[in-house]
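Structure first, commentary second.
The values are calculated or read from the model by the stated rules, or taken from the named source; none is laboratory data. Please read all numbers here as calculations on a predicted model, not as lab measurements. Cβ placement follows ideal geometry from the backbone for every residue including glycine, while neighbour counts extend to all protein chains displayed.
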Amino acid sequence: MNVTTMQTPSNAKVVQSAADALSSRKKGLRALLPFLGPAFVTSVAYIDPGNYATNLQGGSEFGYNLLWVVVLANVMAMLIQNMSAKLGIATGKNLPELCRQYLPRSISFIMWIFSEIAAMATDLAEFLGATIALNLLFHLPMLLATLLTGIVTYLILLLERIGFRPLERFITVLVMVIAGSYVVETFFSRPPFAPVLYHSFVPWIGNHDSIVLAVGIIGATVMPHAVYLHSGLTQNRIVSDDEMSKRKIFRFNTKEVIIAMTLAGLVNISMMVMAAATFHSKGFTGISDITTAYKTLTPLLGPASAFVFLISLLASGISSSAVGTMAGQVIMQGFVRFSIPLVARRLITMLPTVIIVILGVNPTNTLVISQVILSLVLPLPILSLIYFTRKKEIMGTLVNSKIVTVLLIACAVLILTLNIILLWFTLFP
């Protein structure tokens, strides 16, 4: 067995620990530790500012009724991200690279265009979230806050030059800040247990507005760029030259996906529960933007709760913006074999946010719309993921079982169905 990766001192230490785990010289938690990282990085996409916008709006307008959508979206995300990670482990290539290699050029090009649109919508949501947080926390002008967000995220991405581990650790710390913040928020809001449990598992449809929000929640949870990125994070991280070792690596990655995505799911549930318990239950059903939520939290739960809310939003915006830029690089390099300097991509992806800020467009409405766009683009990476992971000649022994393929197809059908319903209600309100 030969285990390798891109060599830096930081990476070499992780590779040695992984080799010890694969040869059973390390067991239990110590064996899992070197494989922790990729799922926590991609989990940031599931707790980004777009989630804040959709979950706050869903909780304030419909109470606990849409919790089942959050749970369903997170279960689908867990399966989809695990398959994306497996694709990178099995093939040594990421999803965009495989699309370019195996699909007709015209289809691959169309997928690239739509993926870039999704990446722009993602970056817009993430930049706006961090910008709003800086504006409310430090009273910075929105434009200055946007530029500061760009600088901070660029500096975070520079960590990758010394190895994948420092960047993974930094992102994981920010994820823990977000999770810890919502433990505190849940304590402040004191939600009733029974309706939370009931609505987490019992579906409720409602009207046109609730369906639009449901699609937005799925778009904010199962993210196209995260599907592409996860395969890119695992393709060269811990590389083995034999099928048995690849299966072991995948089992460790599956455990990591379950841990990271469960944490992200609990944060999303906590967001909506806080909004339902704090706003909806007290008659504040018009909370449809982050700024209003912050200002309303202060008199309802106190300044400490409002401060924690902004800290979590800032951590979410900065971390997810960095991850979004990483995903953009994977998408461009994979689909069209073209890359641009990191600083140039950072500046280009900032432009939509700068324009939104200058024009004075409502940022939270923009966040919700961006999540609907993401949901409409989502079927493309999912369908391509199903296509590749079911082919034995591509996946080897890690090819999907029939039940996994069926579950993936069910996810794709559900997302397509929700999108058709959304378009119907949009065209015929």
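Of the numbered conditions (1) under 28 Å from residue 272 (Cα atoms); (2) of a type in the set (D, E, K, R); (3) without any contact (Cβ under 8 Å) to a residue 40 or more places away in the chain, residue 168 fails exactly one; give the number of that condition.
Of everything listed in (1) under 28 Å from residue 272 (Cα atoms); (2) of a type in the set (D, E, K, R); (3) without any contact (Cβ under 8 Å) to a residue 40 or more places away in the chain, residue 168 misses just condition (3).
Which members of the range 92-108 meet the condition of being assigned to a helix (DSSP H, G or I) and free of Cβ contacts under 8 Å to residues at least 60 places away in the same chain?
Residues of the range 92-108 assigned to a helix (DSSP H, G or I): 95-102, 105-108.
Selection gives 101, 105, 106, 107.
Is there any pair with a first residue in the range 222-240 that is under 14 Å from residue 253 (Cα atoms) and touching a residue at least 60 places away in the same chain (Cβ under 8 Å) and a second that is in a loop (DSSP other than H, G, I, E, B) and among the β-branched types (Val, Ile, Thr) whose Cβ atoms are under 8 Å apart and which are 6 or more apart or on different chains, and what are they?
From residues that are under 14 Å from residue 253 (Cα atoms) and touching a residue at least 60 places away in the same chain (Cβ under 8 Å), the pairs are 236/5; 237/5; 238/5; 239/5.
In this structure, is residue 258 within 14 Å of residue 36 (Cβ to Cβ) and in contact with a strand residue (DSSP E or B) (Cβ under 9 Å, 6 or more places away or on another chain)? Outline the logic, then answer.
On the way: within 14 Å of residue 36 (Cβ to Cβ): yes; in contact with a strand residue (DSSP E or B) (Cβ under 9 Å, 6 or more places away or on another chain): no.
Here the answer is no, as residue 258 does not meet what is asked.
Among the residues of the range 114-121, are any under 16 Å from residue 324 (Cβ atoms) and charged (D, E, K, R)?
yes
For a quick check of your reading of the model, give me the residue pairs whose first member lies in the range 190-217 and is exposed (fewer than 13 other Cβ atoms within 10 Å of the Cβ), whose second is modelled with pLDDT under 90, with beta-carbon atoms closer than 7 Å and at least 6 apart or on different chains.
Short answer, once both residue conditions are applied: 205/211.
Could you grab me the full set of residues in the range 168-190 that are of a type in the set (D, E, K, R) and over 15 Å from residue 45 (Cα atoms)? Explain how you work it out, then say what you get.
Step one: of the range 168-190, the residues of a type in the set (D, E, K, R) are 168-169, 185, 190.
Selection gives 169, 185, 190.
So, in the range 372-423, of the ones that are of a type in the set (Lys, Arg) and assigned to a helix (DSSP H, G or I), which residue ends up farthest from residue 57 (Cα to Cα)?
So the first thing to find is which residues in the range 372-423 are of a type in the set (Lys, Arg), and the list is 390-392, 402.
From what is left, the residues that are assigned to a helix (DSSP H, G or I) are 392, 402.
Numbers: 392: 44, 402: 38 Å.
Ranking the qualifying residues of the range 372-423, first place goes to 392.
Of these, 403, 382, 394, which one is β-branched (Val, Ile, Thr), modelled with pLDDT of 85 or more and in contact with a Cys (Cβ under 8 Å, 6 or more places away or on another chain)?
Details: 403 fails: in contact with a Cys (Cβ under 8 Å, 6 or more places away or on another chain); 394 fails: in contact with a Cys (Cβ under 8 Å, 6 or more places away or on another chain).
Being β-branched (Val, Ile, Thr), modelled with pLDDT of 85 or more and in contact with a Cys (Cβ under 8 Å, 6 or more places away or on another chain) holds for just one of 403, 382, 394, which is 382.
Quick one: would you say residue 135 is closer than 30 Å to residue 201 by Cα and crowded, with 19+ Cβ neighbours inside 10 Å? Step through it out loud before you land on a result.
On the way: closer than 30 Å to residue 201 by Cα: no; crowded, with 19+ Cβ neighbours inside 10 Å: yes.
Spelling it out, it is not the case that residue 135 is closer than 30 Å to residue 201 by Cα and crowded, with 19+ Cβ neighbours inside 10 Å.
Kindly indicate which of 358, 318 is touching a Leu at 6+ places or on another chain (Cβ under 8 Å), exposed (fewer than 14 other Cβ atoms within 10 Å of the Cβ) and in a helix (DSSP H, G or I).
Details: 318 fails: exposed (fewer than 14 other Cβ atoms within 10 Å of the Cβ).
Answer to the selection: 358.
Taking the range 80-102 as the search range and keeping residues that are touching a helix residue (DSSP H, G or I) at 6+ places or on another chain (Cβ under 8 Å) and surrounded by fewer than 17 Cβ atoms within 10 Å (Cβ to Cβ), which one is nearest to residue 266 (Cα to Cα)? Spell out the reasoning first.
Here is the first cut: in the range 80-102, the ones touching a helix residue (DSSP H, G or I) at 6+ places or on another chain (Cβ under 8 Å) are 80-100, 102.
If we keep only those that are surrounded by fewer than 17 Cβ atoms within 10 Å (Cβ to Cβ) as well, we get 92, 102.
Numbers: 92: 32, 102: 37 Å.
Selected residue: 92.
Condition (residue is over 22 Å from residue 68 (Cβ atoms), in contact with a helix residue (DSSP H, G or I) (Cβ under 9 Å, 6 or more places away or on another chain), modelled with pLDDT under 90 and of a type outside the set (Phe, Trp, Tyr)) applied to the range 208-224: is it met by at least one residue?
Checking the range 208-224: at least one residue is over 22 Å from residue 68 (Cβ atoms), in contact with a helix residue (DSSP H, G or I) (Cβ under 9 Å, 6 or more places away or on another chain), modelled with pLDDT under 90 and of a type outside the set (Phe, Trp, Tyr).
Go through the range 245-288 and report how many residues are touching a residue at least 60 places away in the same chain (Cβ under 8 Å), farther than 16 Å from residue 72 by Cα, in a helix (DSSP H, G or I) and not aliphatic (A, V, I, L, M).
Result for the range 245-288: 13.
Can you tell me which residue among 375, 370 is at pLDDT below 70 and farther than 22 Å from residue 150 by Cα?
Exactly one residue qualifies, and that residue is 375.
Residue under question is residue 142, and the condition is that it be farther than 24 Å from residue 229 by Cα, surrounded by fewer than 20 Cβ atoms within 10 Å (Cβ to Cβ) and either touching a residue at least 40 places away in the same chain (Cβ under 8 Å) or within 18 Å of the chain's Cα centre (by Cα) (or both); does it hold? First the steps, then the outcome.
Values: farther than 24 Å from residue 229 by Cα: yes; surrounded by fewer than 20 Cβ atoms within 10 Å (Cβ to Cβ): yes; either touching a residue at least 40 places away in the same chain (Cβ under 8 Å) or within 18 Å of the chain's Cα centre (by Cα) (or both): yes.
Yes; evaluated as a whole, the condition is true for this residue.
Identify the single condition in (1) more than 24 Å from residue 161 (Cβ to Cβ); (2) β-branched (Val, Ile, Thr); (3) under 22 Å from the mean Cα position of the chain (by Cα) that residue 325 does not satisfy, given that it satisfies every other one.
(1)
Going by the conditions given, is residue 263 under 19 Å from residue 171 (Cα atoms), surrounded by fewer than 22 Cβ atoms within 10 Å (Cβ to Cβ) and within 22 Å of the chain's Cα centre (by Cα)? Break it down into steps so the answer makes sense when it comes.
On the way: under 19 Å from residue 171 (Cα atoms): yes; surrounded by fewer than 22 Cβ atoms within 10 Å (Cβ to Cβ): yes; within 22 Å of the chain's Cα centre (by Cα): yes.
Spelling it out, residue 263 is indeed under 19 Å from residue 171 (Cα atoms), surrounded by fewer than 22 Cβ atoms within 10 Å (Cβ to Cβ) and within 22 Å of the chain's Cα centre (by Cα).
Under the condition of being under 14 Å from residue 321 (Cβ atoms) and of a type outside the set (Phe, Trp, Tyr), which residue from the range 164-174 is modelled with the lowest pLDDT? Give the steps one after another, and end with the answer.
Within the range 164-174, the first condition is being under 14 Å from residue 321 (Cβ atoms), and the residues that meet it are 167, 170-171, 174.
Among the residues that remain, those that are also of a type outside the set (Phe, Trp, Tyr) are: 167, 171, 174.
Working: 167: 88, 171: 91, 174: 91.
Per the criteria, the residue is 167.
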